[in-house]
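The values are calculated or read from the model by the stated rules, or taken from the named source; none is laboratory data. All values reported here derive from a predicted model rather than from experimental measurement. We place every Cβ from the backbone using ideal geometry, glycine too, and count neighbours over all the protein chains shown. In case anyone asks, the SASA skips ligands and DNA or RNA and just uses the protein heavy atoms, side chains included. Shrake-Rupley method; radii C 1.70, N 1.55, O 1.52, S 1.80 Å.
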Amino acid sequence: MEHSIRNHLGALALFALAAVPLASAPALAEDPIQLGWVGPLSPPGNYSGGQEMQWAVQLGVDEINKAGGLLGRQLEVTYEDTKGQPAEGSAAAVRLITKNNVSAIFGEFHSSVALAEIEEAHKYGVAWMGTDVWADDITAKQYPEVFRVSPANSLVYVKAADWTVEQGFKNIAIIAENTDFGQGGAKIIADELQAKNVAHTLATIDLNQQDFTPALLRLMNQSPRPDAIQMVVAGQAQYQLVKQACQLGLAPTAETKLIGSSGLLQKEVWEVDGACAKNLLIVNVAQPKSQWNDKAKAFVAAFTERYKRAPTGVALEAYDTLGVVAEAIRKAGSADRAAIVRALEEIKYEGANATYSFPTTKEPAWAFHQFMDVPFTIIQYTEENQGPEEAAIVYPKNWATTDKILP
Amino acid sequence: MSYFLLLAVNGLVVGLIYALVASGLTLVFSVLKVVNFGHGSLYMLGGYASYYLISGLGLPPLLGVVGAMVTLFVFGVVFERLVIAPMYTDKVERKDEYAIIVTFGLTILITNLALVVFGPFAKSPPSFMTGALIAGPLILPYDRLIAAVAAVVLLVGLSLFLKRTALGQALDAVSQSRESAAVIGIDPKRMYTVAFGLGSALAGGAGALIAPVFALSPSMGDLPAVQAFIIIVLGGMGSVGGSVAGGVLLGLVQALGVGYLPDPNRALAYTQAFGALLLVITLLVRPTGLFGRPHLRLE
Amino acid sequence: MGSLSFSRAVQAVLLAVALLLPLAAGPYWIHVGAIAWYYAMLAASWALLAGFAGQFSFAHVAFAALGGYASALGVGLLGLPVGVSMLLAIVLAIVTGALIGALVLRLSGPYLALFTLAISEIFRLILVAEEDLTRGMLGLPVPGLFSGQSDVPYYYLGLGLVVMAMLAMNWLLSTRVGLFLRAIREDEGAARASGIDTTRYKILVFVVTAVIAAIAGIYYGHFIGILTPNIAILPEMGLVIAMAVIGGIESLPGAVIGAVVVFLLSESLRAYGEWRFVLMGLALILVQRFAQNGLYPMIEQWSRARAKPRAAATVEDRHAG
Amino acid sequence: MPADPFFAVAGLAKHFGGIHAVEDLSFTLARGEILGLIGPNGSGKTTTINIVTGALKPDAGSISVEGSDMAGQAAHLFARRGVARTFQVPRLFRRMTVMENLIVPALSDASERRPSAEERARGVLAFLKLEHLADDYARALSGGQQKLLELGRALMLKPSLLLLDEPFAGVHPKLLEQIIEHIRTLNRDGHTIVLVDHNLDAVQSIVSRVLVMARGRKIADGAVAEVLQNPEVVRAYTGSRAGAQ
């Protein structure tokens, strides 16, 4: 028997190999302050958005550490790829909380994943700060630990819908991707248009899809032809939509405007769509260049220098998310989880994109811990190869650089 | 009527492009009797290969396509020799499963590798020709037109190659019957290697041709692969002509389905389901495919 | 019978480790372990379907999705008690499993693979598109099963389900049905000529494995708390296939160990990002290329050769388990 | 007419596309009879076997087994009725042991228990002189041993009719004698046997009656010597006979 067991050790080694991480050592007191970042870095998640967020956060971390860290301690962020899968998100959250012993969690791009993560954050009493997750439900659950710097769908797409109505569009087509982001946003817009009695049609697209021509042809042949197409698409499918709508002569044209989401702020829009991207309207949740503070200017410069591409709104949001969390730690005077949660409710932090605070109002439900003054602009590319910060601002009025929509 | 025509022409053009994607899969199946579940990743590799050849070496776009095909041919030959070839020996018992697993493993390997190597942001090689052909109610972007014409050229070329050249006839002989091919002095194993290399080259060529039409991303091959599966089933597995018919049928069904189904939202959401449903029904009702020659696998 | 005792010993040790793990490991590994049980159930039942019965199906994760969604909708939409809702989901899995089993009777090899792939995609697209019912990609909330904050109850529930599924499948394989399934895998025509009603057993194996997959999905949904159609995407199916193949497609304990090892490895190598999946793809190809029956049976064989060297290595006890 | 026609087919036909693989085929078998079914390659012999064992459904005709018509029924029902077969190229359960190969058909009878099945299997193995291979994988057997095992597997069905599709093809001469001997013994023990071969010489030493097929049709049926005189048979075999050697 003894003999045979010795022979079995080989097989057990396989299992033991997998169990190695079980034995990792607990953190020491004067170790760096640990924070956890969550977001999609691989499919089926929106990995290009996640990558930009991760870069922006690391830039911020390096800045803080170079300046001496927080409370005299260095800052260390563990990045967890959640692949856009809720189970990955909840496992990542538990891992960050229990294994990496993080003081707070932030990030995320997908609402469905965020909804799984906040359950764990709530369970363990760890602050969770959403960077670019728009579903109302996230803050509507009113967990004390859950905050959000990004807009809620109701906050932005109500505005976007209102703007289209103000512009006098009479017949609006909504094209939404079949993700939490797209379906959530589309519903808000549709409801708002419904409430204002504006005709609209909804079309949902699959992100893997590459040929949208039949759907666009259908829109073209609608009578009357839509005078605006609002895309609620984050993934790369949006580039295809723009290109194909343009090649068909559907939009953007004098007859039909094309309004897109922030994915179109990435420079790839010019590589893929070329001239077709001219006259595109884009919903942007970042401040216009004219409003940039020194922080924003410095961030944009540093980001562009380091990653050889201009940051989009998502990067600014991610950078500010880290800033908010760091500020809360400073204010709390410790990396204690509960203290951070408390500090976040009292914070007033000037970031690159806005000055953040998190109200405790409970009505409407989603407003709880929701940053309300999200900068919201609608911009229009007026030249080829334009960066978003150079583009014309058509909304809101106080920031507008033009009062005329092209063409 | 012009609406119908618009949809139909668009469906036809896209269908030809689909057929091109499927042609390599067809060739591999007809000779090796293997469904290459890694086809989509080879297609993706072809797209990137041409992108880097064009942007890195400064090749003209069409030469980039040729370069991509050569690259993928070599890749296919090496993969076949190293991984697929053992299948023909007695060591491998479950041959069908073996082939599915190794080619599917190839997809997992390459798709994730692409993400690491090529990065997450979309890339797009330059257009073959910008703008669109406008004739009456018809609007056809030139890139699509060129891809469709190239598809026809490649498919006709493939058929002629199989019928007219010695190598092609040898491939065709092996696809009809390994045993009889061996009897007349053709080494089936060499033909398997050639077929897999050519199949990979065709996948790569398709990816390269379509790259300017759609953009490049590491997951760009997922959907075309599924569409290619649908097409080879529709067309009767292993028949080039059948694949063309299958591709066009799929293109038309999708275009007209999206164009005419009553609920526009659902019509679009189910675009891919149309094709999958077509596959399911074909396998149930007419397992030999709609257009192809009957195959032996079914008892 | 060396392998029998070997396999028993390994399984006993692993079960003991699994039972005691929550005492030693922190909440994270308990959480991860609880998810690993989901994959273990899927990999083992897929191994029964594909490895033993030769039905290479790509629809297995779709059955998990079916179970998870049905149970969640039963509670959320119909207002049923959780237990009733779960039962309903299982009944649905039986019916669907039988239906799919009956539809694919004439298909084998790549045709079966393509058919099930298409069915799985259609089902996933329905989950995405019918958002009024499923909430689409927003994700369907699923009520939890236990109050309290700890994942330990889920961990033990999952472990219990794995053990029960293994006992049930092992029992099935030890009866004549196991013999018939393998005969059908080897040569369906010859099996029929030997008097086996292949139709019946092919449908049976689809039903049995669909039920186990559905139970896995039900467990998973209630544990994670939210379901999205991504549960049934092709890469998830690929993960299950990789687990079963690497562990051993013709060995139920091999598949379970494969699932646990692959999942835990991919968790512990998170720092390597996408490289983990590159490695997994490579491992899948290499295992299939050089150890077609998977690593566990190889280790089993190796240990037997060490324990009792003998010339004739043809006798294997593949029911060790 | 045989005295006890317990197996009879009448008007059997099977078409594949435009090809008439079997056309209007009728014959009967008496209990205990041994029949040689011969004909050139492609004459429809294997298709006939496939039809009368349920592997293929006939387009027309009846198959009566002990008085009941089974045409169109599933293959396993034929097997359960005692109609057993072997294949041209052995189709064993390759990755199952010899013993397992044998007990599969036995256990397809729900009333048979495993111990008794194994005991019967050991008897069959003894008869075939394969006892020493009981625990080997079927795939590890030589070609001739595989043929024997397949015969054994058919025997496990307790067949009333045994259809052997080219049992001598590809068999080593040393084993050939053994197989012929087994067939003789089985026939002596009361098994009704149909022996399929394209080669008349090979079967005429065992069978007394032959049925000759050509292009899907029966062209002769009778005692060996008689059939050999039949000019149509000679014509059908001219040219193909040399190739069949």
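Restricting the first residue to the stretch B:49-66 and requiring it to be over 14 Å from B:Leu216 (Cβ atoms), which pairs with a second residue that is not in a helix (DSSP H, G or I) meet a Cβ separation below 8 Å and a spacing of at least six or different chains?
B:Leu62/B:Phe128
Residues that are surrounded by 22 or more Cβ atoms within 10 Å (Cβ to Cβ), modelled with pLDDT of 90 or more and in a helix (DSSP H, G or I): does the stretch A:252-269 have at least one?
Checking the stretch A:252-269: not a single residue is surrounded by 22 or more Cβ atoms within 10 Å (Cβ to Cβ), modelled with pLDDT of 90 or more and in a helix (DSSP H, G or I).
Counting residues that are β-branched (Val, Ile, Thr), which helices (runs of 4 or more DSSP H) fully inside the stretch B:185-299 reach at least 2?
Once the helices (runs of 4 or more DSSP H) in the stretch B:185-299 are filtered for at least 2 residues that are β-branched (Val, Ile, Thr), what remains is B:188-210, B:222-234, B:240-260, B:271-285.
Could you list, in sequence order, all residues of the stretch B:84-108 that are open to solvent by 10 Å² or more (accessible area, probe 1.4 Å) and either modelled with pLDDT of 95 or more or not aliphatic (A, V, I, L, M) (or both)?
Matches in the stretch B:84-108: B:Pro86, B:Tyr88, B:Thr89, B:Asp90, B:Lys91, B:Glu93, B:Arg94, B:Lys95, B:Asp96, B:Glu97, B:Phe104, B:Thr107.
Within 14 Å of chain D (Cβ to nearest Cβ) and surrounded by fewer than 24 Cβ atoms within 10 Å (Cβ to Cβ): is that true of C:Leu159 in this structure? Working first, answer last.
On the way: within 14 Å of chain D (Cβ to nearest Cβ): no; surrounded by fewer than 24 Cβ atoms within 10 Å (Cβ to Cβ): yes.
So C:Leu159 fails the test.
Listed here are the residues, each with its yes/no results for (1) among the charged types (D, E, K, R); (2) more than 8 Å from every other protein chain (Cβ to nearest Cβ); (3) over 16 Å from C:Tyr38 (Cα atoms).
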position: C:Glu250; (1), (2), (3): yes, yes, yes
position: C:Ser266; (1), (2), (3): no, yes, no
position: C:Gly273; (1), (2), (3): no, no, yes
position: C:Leu284; (1), (2), (3): no, no, yes
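Out of D:Arg184, D:Arg215, I need the residue that is open to solvent by 30 Å² or more (accessible area, probe 1.4 Å), among the basic types (Lys, Arg) and closer than 20 Å to D:Phe27 by Cβ. Which one? Steps first, please.
Numbers: D:Arg184 fails: closer than 20 Å to D:Phe27 by Cβ.
Of D:Arg184, D:Arg215, the one residue that is open to solvent by 30 Å² or more (accessible area, probe 1.4 Å), among the basic types (Lys, Arg) and closer than 20 Å to D:Phe27 by Cβ is D:Arg215.
Taking the stretch A:189-209, which residues are in a helix (DSSP H, G or I) and either within 11 Å of another protein chain (Cβ to nearest Cβ) or open to solvent by less than 30 Å² (accessible area, probe 1.4 Å) (or both)?
Scanning the stretch A:189-209 gives A:Ile189, A:Ala190, A:Leu193.
Give the residue, chosen from B:Thr111, B:Thr71, that is closer than 30 Å to C:Ile233 by Cβ, open to solvent by less than 40 Å² (accessible area, probe 1.4 Å), in contact (Cβ under 8 Å) with a residue 60 or more places away in the chain and among the β-branched types (Val, Ile, Thr).
Only one candidate qualifies: B:Thr111.
Residue check, C:Ile285 against (1) under 30 Å from D:Gln146 (Cα atoms); (2) assigned to a helix (DSSP H, G or I); (3) free of Cβ contacts under 8 Å to residues at least 24 places away in the same chain, all met but one. Which one?
That leaves (1) as the condition not met.
State whether one or more residues within the stretch D:33-40 are closer than 18 Å to D:Val83 by Cβ, at pLDDT 90 or above and not in a strand (DSSP E or B).
yes
So which residues in the stretch A:293-311 are touching a residue at least 60 places away in the same chain (Cβ under 8 Å) and open to solvent by 10 Å² or more (accessible area, probe 1.4 Å), if there are any at all?
A:Val300, A:Ala302, A:Arg306, A:Tyr307, A:Ala310, A:Pro311
Based on this model, can you work out whether C:Ile94 counts as open to solvent by 10 Å² or more (accessible area, probe 1.4 Å), farther than 26 Å from A:Pro44 by Cβ, part of a helix (DSSP H, G or I) and at pLDDT 95 or above?
yes
Cβ-Cβ below 7 Å, separation at least six or inter-chain, first residue in the stretch B:141-166 and closer than 15 Å to B:Leu198 by Cβ and touching a residue at least 60 places away in the same chain (Cβ under 8 Å), second surrounded by 19 or more Cβ atoms within 10 Å (Cβ to Cβ) and not aliphatic (A, V, I, L, M): which pairs?
Correct list of pairs: B:Leu154/B:Ser23; B:Leu154/B:Gly205; B:Leu155/B:Ser23; B:Leu158/B:Ser23.
Among the candidates C:Gly195, C:Gly258, C:Gly254, which residue alone is in contact with a His (Cβ under 7 Å, 6 or more places away or on another chain), open to solvent by less than 20 Å² (accessible area, probe 1.4 Å) and farther than 27 Å from C:Leu92 by Cα? If you could, list the steps in order and put the result at the bottom.
On the way: C:Gly258 fails: in contact with a His (Cβ under 7 Å, 6 or more places away or on another chain); C:Gly254 fails: in contact with a His (Cβ under 7 Å, 6 or more places away or on another chain).
Exactly one of C:Gly195, C:Gly258, C:Gly254 is in contact with a His (Cβ under 7 Å, 6 or more places away or on another chain), open to solvent by less than 20 Å² (accessible area, probe 1.4 Å) and farther than 27 Å from C:Leu92 by Cα, namely C:Gly195.
Could you tell me which of the residues C:Ile231, C:Ile184, C:Ile203, C:Ile212 is under 21 Å from the mean Cα position of the chain (by Cα), within 30 Å of B:Ile110 (Cα to Cα) and in a helix (DSSP H, G or I)?
Numbers: C:Ile184 fails: within 30 Å of B:Ile110 (Cα to Cα); C:Ile203 fails: within 30 Å of B:Ile110 (Cα to Cα); C:Ile212 fails: within 30 Å of B:Ile110 (Cα to Cα).
After ruling out the rest, the residue left standing is C:Ile231.
Out of the residues in the stretch D:166-208 that are in contact with an Asp or Glu (Cβ under 7 Å, 6 or more places away or on another chain) and not aromatic (Phe, Trp, Tyr), state the one that is farthest from D:Gly61 (Cα to Cα).
Filtering the stretch D:166-208 for residues that are in contact with an Asp or Glu (Cβ under 7 Å, 6 or more places away or on another chain) and not aromatic (Phe, Trp, Tyr), the one farthest from D:Gly61 (Cα to Cα) comes out as D:Val203.
Take A:Ala354 and tell me if it is farther than 27 Å from A:Asp31 by Cβ and within 16 Å of the chain's Cα centre (by Cα).
yes
Applying the selection to the stretch A:46-90, what residues are assigned to a loop (DSSP other than H, G, I, E, B) and open to solvent by less than 10 Å² (accessible area, probe 1.4 Å)?
Of everything in the stretch A:46-90, those that are assigned to a loop (DSSP other than H, G, I, E, B) and open to solvent by less than 10 Å² (accessible area, probe 1.4 Å) turn out to be A:Thr82, A:Gly84.
Only one of B:Leu59, B:Leu53 is of a type outside the set (Ser, Thr, Tyr) and not in a helix (DSSP H, G or I). Can you tell me which?
Just a single option satisfies the conditions, and that option is B:Leu59.
Answer yes or no: is there a residue in the stretch D:155-162 that is open to solvent by 50 Å² or more (accessible area, probe 1.4 Å), within 18 Å of the chain's Cα centre (by Cα), more than 9 Å from every other protein chain (Cβ to nearest Cβ) and closer than 26 Å to D:Gly32 by Cα. Working first, answer last.
Here is the first cut: in the stretch D:155-162, the residues open to solvent by 50 Å² or more (accessible area, probe 1.4 Å) are D:158.
From what's left, within 18 Å of the chain's Cα centre (by Cα): D:158.
Now restrict to residues that are more than 9 Å from every other protein chain (Cβ to nearest Cβ): D:158.
Retained after the next criterion (residues that are closer than 26 Å to D:Gly32 by Cα): D:158.
Yes - at least one qualifying residue is present in the stretch D:155-162.
Name every residue in the stretch B:88-118 that is more than 23 Å from the chain's Cα centre (by Cα) and either within 11 Å of chain C (Cβ to nearest Cβ) or in a helix (DSSP H, G or I) (or both), in order of residue number.
Scanning the stretch B:88-118 gives B:Tyr88, B:Lys91, B:Val92, B:Glu93, B:Arg94, B:Val116, B:Val117.
Scan the stretch C:118-129 and give yes if some residue there is more than 22 Å from the chain's Cα centre (by Cα), open to solvent by 10 Å² or more (accessible area, probe 1.4 Å) and within 12 Å of another protein chain (Cβ to nearest Cβ), otherwise no.
yes
Give me the residue from the stretch D:163-181 that is more than 15 Å from D:Gly152 (Cβ to Cβ) and charged (D, E, K, R) and, out of that set, most open to solvent (accessible area, probe 1.4 Å).
Among them, the one singled out is D:Lys174.
When you look at C:Ile100, is it surrounded by fewer than 24 Cβ atoms within 10 Å (Cβ to Cβ), within 14 Å of chain B (Cβ to nearest Cβ) and among the β-branched types (Val, Ile, Thr), yes or no?
yes
Answer yes or no as to whether B:Ile146 is facing another protein chain (nearest Cβ under 8 Å) and either on the phi > 0 side of the Ramachandran plot or modelled with pLDDT of 85 or more (or both).
In short, no.
Table: residues versus (1) closer than 29 Å to B:Phe128 by Cβ; (2) away from chain C (no Cβ under 11 Å); (3) of a type outside the set (Phe, Trp, Tyr).
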| site | (1), (2), (3) |
| --- | --- |
| B:Ile186 | no, yes, yes |
| B:Val248 | yes, yes, yes |
| B:Gln254 | yes, yes, yes |
| B:Gly289 | no, no, yes |
